[in-house]
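In what follows, a structure is listed as structure tokens, so that the remarks can point back to it.
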Amino acid sequence: MFPLLLSSCSKIEVHVHDRHLFSYPLVKSYAEKQGPVTLVLIDYHHDILPLAPGNDVLASYSWVGRLLQEKLVSSVLWISGRNLELPNRDARMAWLCRSLSHTDPETEAFFKSKVVLCDWPEFCRMEIPENSVVTVDLDVCTKNPGPDPDVFVEEIAEWISSFKPELLTICLSAAYQNDSEDAWRWLSSFADGFTAESTWFLECGDFGEAPESLEETAAWNLWRENPDIFSCSACAFYPGGALWANAPLEARNALFKKKIRAGNGEAGLVIESWAEEGRAETERAANGKMPLYVKMASESLSASWRGEKFPSPEISVDFQNEKSLGVAVRFHSPWSDKGCLAFYGGLREEDIPAAISYCAEQASKDPRYGEMQSGVVEGLFANVCLFGAWKKMDNPTDFLPGYHSILIEETLSGNRTLLQSAIALERNYDRETFLSHLSSKAGLGSDGWKSQNLVFYKSPTVTAYKSLSD
């Protein structure tokens, strides 16, 4: 899970990641070579929760504390917002004191002596030691960001570009963000505004990773309960690697301009997927249309309850054709499915509306889940997945859960079974869990995906949601 060690490719090394914990081994490695460093911590959180003796389980809320305990960080300049007026300044220090209150008095005094809390104007007047490492968590823009958080991001990028630290880490900790569109825009703006010569790396979390804290658990549940807010097709929040696999085009382009490379194994697969054959075509077909498609699914459901029938569109091309599109319509609550039908491929772009209406009507009568009760929509969502052309896979695990939908074909019977990417997104599946559910759906048992008599296909998928309660 941890990133690779520092390289010597450039004077400034920039590491982007989704959990601040990834900064720990990078700062540790740097400080072990250069000596104890000053940590410029631009972060709403202090991340200084001390670990009890014998506890080696690090997290994003304790990594700075461990570096202080290891004497690898000599002091922390904590910028917890752009403008910290009273009583916000006192509240931040009281928060730090509460975090330290369960330690012994000597340890508490040690940590307090190492932390200097300051706001942005105050920090910019300071003389910063040359042996400083800078780390930014974009959640700093969610509390006391000044008059305009976008301007604050520009100021941070400009200052760091001028200061030129040898090591910079920047974290998009989605669990502590309020708005997915804002967070992704801030990351793109930071990358665009960072002008110093540098080498950029991405570290991403695992697919199917566990939450670090109760706060993160609550955030993930909130995303799941409000997918039309936090999982919009243009910019979305998901746990771990799925966050980066579904990164919006603007953010991907901003990082591509930096020639970003992989800092860990999953990041390498994610970056490859950004330029994957078929992705651009699928996104082009989805561009600006996904909100319309989920609205259409919702309206078609209502029409089917009123007795309206929708004809099935004709399959026009082979599902592996580069121009082939497919679509799935699913109705679900945050915790269970209510009905689904899909055309996994063979559609043209102009066929999609008719396919959505037909799938919505049929999904409302899906025999696997029981017919949905007419007119009861409270707590339900419409989910539409748009599939691109299907590509034959080299092996069953050659995919990104939550980005690729997977199709298996039984070589003996010719039967095909599909499981769309949205299932992995909502349930935070890793690869093997996703494959187990797919093969169980095909009637092959949870280990059936390991059979030699299967052919696997994957498709880049764009997904969108709409609350039926709206």
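The values are calculated or read from the model by the stated rules, or taken from the named source; none is laboratory data. Note that the structure is a prediction, hence the values are computed from the model and not measured. We place every Cβ from the backbone using ideal geometry, glycine too, and count neighbours over all the protein chains shown. Side chains included, ligands, DNA and RNA excluded: accessible areas come from the protein's heavy atoms. Shrake-Rupley method; radii C 1.70, N 1.55, O 1.52, S 1.80 Å.
What are the residue pairs meeting all of these: first residue in segment 314-326, first residue closer than 11 Å to Glu281 by Cβ, second residue modelled with pLDDT of 85 or more and open to solvent by less than 20 Å² (accessible area, probe 1.4 Å), Cβ atoms under 6 Å, and 6 or more apart or on different chains?
So the pair list comes out as Ser324/Gly345; Ser324/Gly346; Leu325/Ala285; Leu325/Leu347.
Anything in segment 211-239 that is aromatic (Phe, Trp, Tyr) and either farther than 25 Å from Ala262 by Cα or part of a helix (DSSP H, G or I) (or both)? List them, or say none.
Hits for segment 211-239 are Trp220, Trp223, Phe230.
State all residues of segment 380-407 that are part of a strand (DSSP E or B) and either without any contact (Cβ under 8 Å) to a residue 24 or more places away in the chain or under 19 Å from Asn321 (Cβ atoms) (or both); if no residue qualifies, say none.
The answer is Cys385, Leu386, Phe387, Lys391, Lys392, His404, Ser405, Ile406, Leu407.
In this structure, is Ser312 of a type in the set (Ser, Thr, Tyr), more than 22 Å from the chain's Cα centre (by Cα) and crowded, with 21+ Cβ neighbours inside 10 Å?
Criteria not met by Ser312.
Kindly provide the set of residues from segment 164-206 that are part of a loop (DSSP other than H, G, I, E, B), within 20 Å of Glu250 (Cα to Cα) and of a type outside the set (Gly, Ala, Ser), ordered by number.
Once the filter is applied, which keeps residues that are part of a loop (DSSP other than H, G, I, E, B), within 20 Å of Glu250 (Cα to Cα) and of a type outside the set (Gly, Ala, Ser), segment 164-206 yields Leu172, Gln177, Asn178, Asp179, Phe194, Thr195, Cys204.
Is there any pair linking a residue in segment 213-238 that is closer than 19 Å to Glu181 by Cα and touching a residue at least 12 places away in the same chain (Cβ under 8 Å) to one that is among the β-branched types (Val, Ile, Thr) and open to solvent by 50 Å² or more (accessible area, probe 1.4 Å), with Cβ under 8 Å and at least six apart or on different chains, and which?
Hits for this filter: zero, empty list.
So the check is Cβ under 6 Å with 6+ separation or different chains; which pairs have a first residue in segment 41-60 that's closer than 14 Å to Asp137 by Cα and a second one that's open to solvent by 10 Å² or more (accessible area, probe 1.4 Å)?
So the pair list comes out as Tyr44/Lys143; Asp47/Tyr61; Ser60/Arg19; Ser60/Leu21; Ser60/Glu212.
Pairs please, first residue from segment 449-461 and at negative phi, second anywhere and basic (Lys, Arg) and open to solvent by less than 20 Å² (accessible area, probe 1.4 Å), Cβ atoms under 9 Å, 6+ apart in sequence or on different chains.
Partner pairs satisfying both residue conditions: Pro460/Arg279.
So which pairs qualify, if the first residue must be in segment 426-448 and among the β-branched types (Val, Ile, Thr), the second must be surrounded by fewer than 20 Cβ atoms within 10 Å (Cβ to Cβ), the Cβ gap must be under 6 Å, and the two must be at least 6 apart or on different chains?
none
Specify the residue that is farthest from Glu127 (Cα to Cα); the eligible residues are those in segment 156-170 that are of a type outside the set (Phe, Trp, Tyr) and surrounded by fewer than 16 Cβ atoms within 10 Å (Cβ to Cβ).
Going through the qualifying residues, I end up with Glu158.
Over 23 Å from Gly263 (Cβ atoms) and surrounded by fewer than 14 Cβ atoms within 10 Å (Cβ to Cβ) - does that describe any residue in segment 201-210?
No: zero hits.
Please pick out the residue among Ala94, Ala31 that is over 29 Å from the mean Cα position of the chain (by Cα) and free of Cβ contacts under 8 Å to residues at least 40 places away in the same chain.
Ala94
Residue by residue, here is whether (1) of a type in the set (Ser, Thr, Tyr); (2) part of a helix (DSSP H, G or I) holds:
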{"position": "Lys112", "(1), (2)": "no, yes"}
{"position": "Glu122", "(1), (2)": "no, yes"}
{"position": "Val134", "(1), (2)": "no, no"}
{"position": "Lys143", "(1), (2)": "no, no"}
{"position": "Gly146", "(1), (2)": "no, no"}
{"position": "Phe152", "(1), (2)": "no, yes"}
{"position": "Ala157", "(1), (2)": "no, yes"}
{"position": "Ser162", "(1), (2)": "yes, yes"}
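Has segment 412-425 got at least one residue that is assigned to a strand (DSSP E or B), small (Gly, Ala, Ser) and at pLDDT 95 or above?
No, segment 412-425 has no match at all.
If we scan segment 345-363, do we find a residue that is assigned to a loop (DSSP other than H, G, I, E, B) and at pLDDT 90 or above?
yes
Restricting attention to segment 276-294, does a residue exist that is free of Cβ contacts under 8 Å to residues at least 40 places away in the same chain, of a type in the set (S, T, N, Q) and open to solvent by 60 Å² or more (accessible area, probe 1.4 Å)?
Yes, segment 276-294 contains a residue that is free of Cβ contacts under 8 Å to residues at least 40 places away in the same chain, of a type in the set (S, T, N, Q) and open to solvent by 60 Å² or more (accessible area, probe 1.4 Å).
When segment 414-435 is examined, which residues are found to be buried (at least 19 other Cβ atoms within 10 Å of the Cβ), of a type in the set (Ser, Thr, Tyr) and more than 30 Å from Ser302 (Cα to Cα)?
Tyr429
Please work out if Val462 is closer than 18 Å to Pro227 by Cβ and either in contact with a Lys or Arg (Cβ under 7 Å, 6 or more places away or on another chain) or not in a helix (DSSP H, G or I) (or both).
yes
Does any residue of segment 43-62 turn out to be more than 28 Å from Ala210 (Cα to Cα) and among the aliphatic types (A, V, I, L, M)?
no
Here is a list: Glu70, Glu106. Which entry is out of contact with any His (no Cβ under 7 Å at 6 or more places or on another chain), over 28 Å from Glu154 (Cα atoms), touching a residue at least 24 places away in the same chain (Cβ under 8 Å) and open to solvent by 40 Å² or more (accessible area, probe 1.4 Å)?
Just one listed residue meets the conditions, Glu70.
Consider Val377 against the criteria (1) in a loop (DSSP other than H, G, I, E, B); (2) open to solvent by 60 Å² or more (accessible area, probe 1.4 Å): it satisfies all of them except one. Which criterion is unmet?
Answer for Val377: the failing condition is (2).
Take residues that are touching a Ser or Thr at 6+ places or on another chain (Cβ under 8 Å) and tell me which of the helices (runs of 4 or more DSSP H) falling wholly in segment 240-284 contain 1 or more.
241-245, 249-257
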